[in-house]
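The structure appears below as structure tokens.
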Amino acid sequence: MSVLAQTSPEKPSAMKAIHFPSLAVAAFAIAITTFVGCSETNDAISLADKADKAEGVSAPSIEETKAIAEEGFIYGLPIVMNYAVMNEYAVNQDSGQFKAPFNEILNEPRVFTYKDTAVITPNSDTPYSLAWLDLRAEPIVLSVPPVDKDRYFSVMLCDGNTYNYGYMGSRATGNEPGDYMVVGPDWKGEKPEGIKQVFTSTTPFSLAAYRTQLFNPDDMPNVIKVQDGYKVQPLSSYLKKPAPPGAPKIDFLPATTAGIKENFFQYLDAALEFVPPAEDSKEIRSKLASIGVGPGKTFDFKDLSLEHKAAVGIAMKEGDEKVSKWLADGTKKVNGWNIGSFFGDQEFFNGDWLMRAAAAKGGIYGNDAVEAAYPLTRVDEKGETLDGSKYNYTLTFPADGFPPVNAFWSVTMYDGKTQFLIKNPIDRYLINSPMVPNMKKNDDGSLTIYIQKDSPGDDKESNWLPAPDGPIYLAMRLYWPKTEEPSILPPGEGAWKPPVLVKAE
């Protein structure tokens, strides 16, 4: 989602490579195969081993510990990432990233520019609003105002498992006003009068991420009016009844996105307190418990014995490599663009922890494909790396081949090294469909976008997407893609294909 800790094929901000605790991996790999037992220490794994033995259960061997830690890393990565973001955005007011307390909404009445460098691949299409929800004491009611039928907006609900479990907005519920209720996993009750729909989170804490379309810079006051109409309140306030007893105060284990690599399993211990086990996670949760990881436990890497450090360190490294490989291979290659979809609800993932981890690492809080599709590229029609310091390029949409969407589409330019927006003389970071009427068409009705670092000339400047003086990274965003042919759906398999980037002669 490009504005959260983002990380998204809309990549709000893709998670950077994880560097694991400094280990002599080769030597430790030998240790894994040669150590027969574990040192008698009181670290988390050794204590779990002792508990197993006391119950007459065989404790995991070093090899089994490594396998469990690797599987646990893959299972836990999205959970840990979400926990860290929640801490920075809704818990720690001194984090430097704090947005608002639980059950309050923060509106961001702006789009990102080259000055925004907190997250990579930032979305400059839709100003965001964010609300972290605490669903323990009572449900929370989200109210949306009437929105002009031509303006796209969406409210995505994402829980602590990083499941997108519900949507409100243009595609999902329409642009009419409405009140919607979000409930936690233990809630039981009837839908109150006036509530249009009830959405159930698998976890007691959840995120509501709002996207509101901006047509042009002068349109921002209209976006602000829409944002001002978004309302978040407890059910008791909505019903004008006395509030139930408040939920107990929680002393969250402090966590940061920067600290994930050094504190992964500690963070996972803390995060799993707020992720109830489900049928599809019972097996991995049981395995994690056998090595001392889970709710109420304290797993500290530095306290582990030498052989356990070896096992866990290598497991995390190899688990991360598997996630990266899935991310690289899990997309379709179409005309030089990578197109994929790996965001959805619990049923969508169906226990595929590797796909879920890849989705989070590629861009946590990304949209379901039916809400938005994201072709991404770094290469031209010959598969050569795009480089604005050496070449000019064109991207031409045929008259009958514009991206098939119900809402709008955009092509955004990023620096290929940093994935940040680039400073340019016309302050243009993207070309989108609302701009097309003011652009020049070719004689056959097609539209050519000029992708280069220098102006193509006054007669073509309306169609100019300024490029960096170096590597180029392009992201196409198709909001509310059409399902009838031609369509980009299923992602990368539909009849519509993004045009190739052509190197100018």
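Taking the condition assigned to a loop (DSSP other than H, G, I, E, B), aromatic (Phe, Trp, Tyr) and at pLDDT 95 or above, does PHE402 pass?
On the way: assigned to a loop (DSSP other than H, G, I, E, B): yes; aromatic (Phe, Trp, Tyr): yes; at pLDDT 95 or above: yes.
So PHE402 fits the description; yes.
Residues checked against (1) part of a loop (DSSP other than H, G, I, E, B); (2) open to solvent by less than 10 Å² (accessible area, probe 1.4 Å); (3) touching a Cys at 6+ places or on another chain (Cβ under 8 Å); (4) within 23 Å of ALA84 (Cα to Cα):
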{"residue": "ALA131", "(1), (2), (3), (4)": "no, yes, no, yes"}
{"residue": "SER154", "(1), (2), (3), (4)": "no, yes, no, no"}
{"residue": "LEU157", "(1), (2), (3), (4)": "no, yes, no, yes"}
{"residue": "TYR167", "(1), (2), (3), (4)": "no, no, no, no"}
{"residue": "ASN175", "(1), (2), (3), (4)": "yes, no, no, no"}
{"residue": "PRO185", "(1), (2), (3), (4)": "yes, no, no, yes"}
Name the pairs: first residue in the stretch 476-494 and without any contact (Cβ under 8 Å) to a residue 60 or more places away in the chain, second residue surrounded by fewer than 22 Cβ atoms within 10 Å (Cβ to Cβ) and of a type in the set (A, V, I, L, M, F, W, C), Cβ to Cβ under 9 Å, at least 6 apart or on different chains? GLU485/ALA495; GLU485/TRP496
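Being open to solvent by 30 Å² or more (accessible area, probe 1.4 Å) and either touching a Leu at 6+ places or on another chain (Cβ under 8 Å) or over 17 Å from ASP218 (Cβ atoms) (or both) is the filter here; which residues of the stretch 434-449 pass it? It would help to see each step written out before you state the result.
Of the residues in the stretch 434-449, the ones open to solvent by 30 Å² or more (accessible area, probe 1.4 Å) are 434-435, 437-438, 440-444.
LYS440, LYS441, ASN442, ASP443, ASP444 - these are the residues of the stretch 434-449 that are open to solvent by 30 Å² or more (accessible area, probe 1.4 Å) and either touching a Leu at 6+ places or on another chain (Cβ under 8 Å) or over 17 Å from ASP218 (Cβ atoms) (or both).
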When you look at ASP269, is it touching a helix residue (DSSP H, G or I) at 6+ places or on another chain (Cβ under 9 Å), over 30 Å from PRO146 (Cα atoms), open to solvent by 30 Å² or more (accessible area, probe 1.4 Å) and part of a helix (DSSP H, G or I), yes or no? no
Of everything in the stretch 365-392 that's part of a loop (DSSP other than H, G, I, E, B) and of a type in the set (D, E, K, R), which residue is farthest from the chain's Cα centre (by Cα)? LYS390
Hey, does the stretch 238-249 have a residue that's at pLDDT 95 or above, part of a helix (DSSP H, G or I) and over 23 Å from GLY160 (Cα atoms)? yes
Residue, least open to solvent (accessible area, probe 1.4 Å), within the stretch 343-364, restricted to residues that are hydrophobic (A, V, I, L, M, F, W, C) and part of a loop (DSSP other than H, G, I, E, B): ILE364
Mind checking which residues of the stretch 365-378 are open to solvent by less than 40 Å² (accessible area, probe 1.4 Å) and not polar (S, T, N, Q)? TYR365, GLY366, ASP368, ALA369, GLU371, ALA372, ALA373, TYR374, PRO375, LEU376
Meets criteria (at pLDDT 95 or above and within 17 Å of PRO146 (Cβ to Cβ)) for VAL226: yes
Among the residues of the stretch 371-382, is there at least one that is closer than 18 Å to LEU430 by Cβ and hydroxyl-bearing (Ser, Thr, Tyr)? yes
Of the numbered conditions (1) within 25 Å of GLN213 (Cα to Cα); (2) part of a loop (DSSP other than H, G, I, E, B), ASP94 fails exactly one; give the number of that condition. (1)
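Which residue is surrounded by the most Cβ atoms within 10 Å (Cβ to Cβ), if the candidates are limited to the stretch 299-342 and must be assigned to a helix (DSSP H, G or I) and basic (Lys, Arg)? Before you say what the answer is, go through the steps one by one.
Of the stretch 299-342, the ones assigned to a helix (DSSP H, G or I) are 301-303, 306-329.
So of that shortlist, the ones also basic (Lys, Arg) come out as 302, 309, 317, 322, 325.
Numbers: LYS302: 9, LYS309: 19, LYS317: 17, LYS322: 16, LYS325: 12.
Within the stretch 299-342, the match that is surrounded by the most Cβ atoms within 10 Å (Cβ to Cβ) is LYS309.
Residues are listed down the side, and each one gets a yes or a no for (1) in contact with a strand residue (DSSP E or B) (Cβ under 8 Å, 6 or more places away or on another chain); (2) at positive phi; (3) in contact (Cβ under 8 Å) with a residue 40 or more places away in the chain:
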residue: ASN432; (1), (2), (3): yes, no, yes
residue: MET435; (1), (2), (3): no, no, yes
residue: TYR450; (1), (2), (3): yes, no, yes
residue: GLY470; (1), (2), (3): yes, yes, yes
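The values are calculated or read from the model by the stated rules, or taken from the named source; none is laboratory data. Bear in mind the structure is a predicted one, so any value in this text is a computation, not a measurement. Please note: Cβ atoms are built from the backbone with ideal geometry, for glycine as well, and neighbour counts cover all protein chains shown. What goes into the accessible areas is simple: the full protein's heavy atoms, side chains included, and nothing from ligands, DNA or RNA. Shrake-Rupley method; radii C 1.70, N 1.55, O 1.52, S 1.80 Å.
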